[in-house]
Amino acid sequence: MNATMIDLKWIPRALGLGLLAFAIFGPLTNLVLWAVAEKWYFPHALPLQYGFSYWVSVFSPRGNATTSLTMSVIIACLTVVFSIGLAIPAGYALARLKLPFRGAILLVLLIPQAFPNLPVYVNIARLFYQIGLNGTVVGVVLVHVTHGLVYAVWIATAAFSAIDRELEEAARSMGASALRTFRDVTLPIAAPGLLASAVFVFLESLDEFTGTYFVGAPDISTLPLLLYTAGSGGNYQIASITALILLLPSIGFMLVIERFLRADVLSKVGR
Amino acid sequence: MDGYLDISQTRVRYGDAEILKGIDLSVRKGEFVALLGASGCGKTTLLRTIAGFNTPTHGRISIGGRDVTRQPPDKRGMALVFQSYALWPHMTVDQNIGYGLKLRRVDPATARQRVDEMKGLLGLQMLGQRKPAELSGGQRQRVALGRALAISPDILLLDEPLSNLDARIRLTVRHEISALQRRLGITAVHVTHDREEAMVMADRIVIMNGGEIAQTGTPQQVYNQPNSDFVAAFMGAENVVEIEVNAVWNSLEIGEGPHNRAALINRGERPIVSGKAIARFRSEAVEMKSAGEPALSGRNALVLHGTVVQVSYPGGLWRHVVHLGEVSLIVDSQTRFDEGAAVEIAVPEAALYIFPRH
């Protein structure tokens, strides 16, 4: 008697959880179904025919996916190299040196995010057009770097701030020069945080659409651009397959970040 | 100055605050000096200045005649053991201890031998491959010490290295460190706020107060001949009584007060004081009797009379809280006196520290 009463209380909770699961996994299931559907039209609830012929065409030498994927990865890697290359000295300076306007500098990095994207990118595109950067990899990478630098610098600053200054002083006391201390002590200890910020920047770059569209198209095609073209052309199979390809690194890297970005670093973000 | 480490007229500022107000200190080669003081007295700042992490605004620091005032920490040939140990978490015990040798380009075989020697000396043989996170507090402390000793520093600097250890381990490590320092003949400067630690470990104690040196001397000197009210209080003479004194030749006349008898004591090494003064003494350095018994002699001792208000037994001696009107004293005695008992306390002249009252 008593047991059934307790059981009944679970029903609303189970319903709630079920709805939540549907909200999260429903679109994903739809995506997966579309990626393997050969034939699917209204009013059928499920595809009429399954197959991988669209996958074959996406990855065929004639399909654009492989080139777009390669381009996306190249741009993302270059963005990471640039952003982290800038974020290491910048983050160290912000974390360790007594800089005036430290808070203001951190805030300035946020500005590209603070304004509506479209006018910013239209203006960048106009500027880049004048100096011949439009439609080049360098142009797209620069746009992505302005975007990625926020994550990179903020997380790098947090990663360096989380390191106890005495660890560096101990190295100096043992006879290491400032540079040697940075190489042997600071950098290895900050490495997990820096790796996490690199992953963030990589994912941001992989996903970035607006800036790439204005500065890169039509010469540069990345996966999001391909997704947009396929989606607006009503080609849901190509769009879904592209979306799945974009999803994989995100999930993989989220696991990496979860492992490497420690609480003591996270607590220092933006300080 | 004939010292090995010479510090002269050194002043250090942090922003607007002057932390060190002109320090003069000379440390002989092989000497173990303890910087003792309450928190905020500037002792850690002085140590960090010696190590090169603070730059003095004024003054000069030299080692064996070599001026190092403006040299960075890595050029000074010192090794600092931090209160937090500051072991590098990404390196093993072996790598931590061997890091200084790696920097000095010692060849790997010799370096390994030296690291093993350090581990043997400190009882860390089995722990070479562990990371600092896998060690106990005492083990980390020894790794920090091993890392500093491995490079055979000219001067070993210790910043409260024992304060993070359990009380029991602390007692043994004290003796280990000072035995090691004597065996290796290293010059050492040790910062501590623990009076007993300084007394047990150091050849010479430097008591600091408010960015200045209050007194320098052997443990016996600072304990038995404090030169100021501050040092007397810091060295444990916490009982204070206000008296009137008059210096006559080599004697001090103590006038009769509301809670003390008139007395005449030898001036000894004391500075000449006349007029209002304060007397300090340690709780265990006195003789206590019931008021009814034959009176204690006022010759060569200060006799106080009061009432016992509290008795406890911390071990060894009975501890009494005795009230002299407004003044509260703590007095230890072999025998127990009941609460409410009227007592007489005799402070022998050797245990009585008298300073002028302002």
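Readers should treat all values here as calculations from the given coordinates under stated rules, not as data from a laboratory. The shown structure was predicted, so the numbers you read here are calculated from the model rather than taken from an experiment. Don't worry about glycine lacking a Cβ; one is built from the backbone with ideal geometry, like all the others, and counts go over all protein chains shown.
Per-structure values
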read-out	value
Sites A:Ile105 and B:Leu180, calculated FRET efficiency, Cβ-Cβ separation with R0 51 Å, nearest 0.05	0.60
Average beta carbon contacts from partner chains per residue of B:98-111, 10 Å cutoff	2
Ranked packing of B:40-51, A:124-135, most packed first, by mean Cβ within 10 Å	B:40-51, A:124-135
Net charge over other residues, Cβ less than 14 angstrom from the Cβ of B:Ser136 (K, R count +1; D, E count -1)	+4
Cα-projected label distance for A:Gln113 with B:Asn246, points at 7 Å along beta-carbon direction, nm	8.2
Shielding score for A:163-171, defined as the mean number of other chain Cβ atoms within 10 Å	6
Cα gyration tensor shape of chain A, rounded if a/c is under 1.5, else prolate or oblate by comparing a/b with b/c	oblate
Rounded FRET efficiency, nearest 0.05, which uses the C-beta distance separating B:Val311 from B:Ser84 and R0 of 41 Å	0.45
Segment A:Arg13-A:Ala93, length gained on full extension (0.36 nm per residue, minus Cα span)	23.8 nm
GNM top mover of A:Leu206, A:Leu142, A:Leu118 - chain A, alpha-carbon springs below 10 Å	A:Leu118
Least to most buried among B:Ser152, B:Ser8 (fewest other Cβ within 10 Å first)	B:Ser152, B:Ser8
Per-residue mean of C-beta atoms belonging to partner chains within 10 Å, peptide A:179-188	2
Listed peptides B:19-29, B:328-338 by packing density, highest first (mean Cβ within 10 Å)	B:19-29, B:328-338
Separation in nanometres of the label points that stand 7 Å from Cα toward Cβ, at A:Arg183 and B:Gln125	3.6
Listed residues B:Pro348, B:Pro89, B:Pro153, most fluctuating in chain B (Gaussian network, C-alpha, under 10 Å)	B:Pro89
Estimated inter-spin distance, B:Glu238 and B:Arg112, nm [label 7 Å along Cα→Cβ]	5.5
Mean Cα-pair separation over length for chain A, i.e. relative contact order, pairs under 8 Å, 6 or more apart, %	27
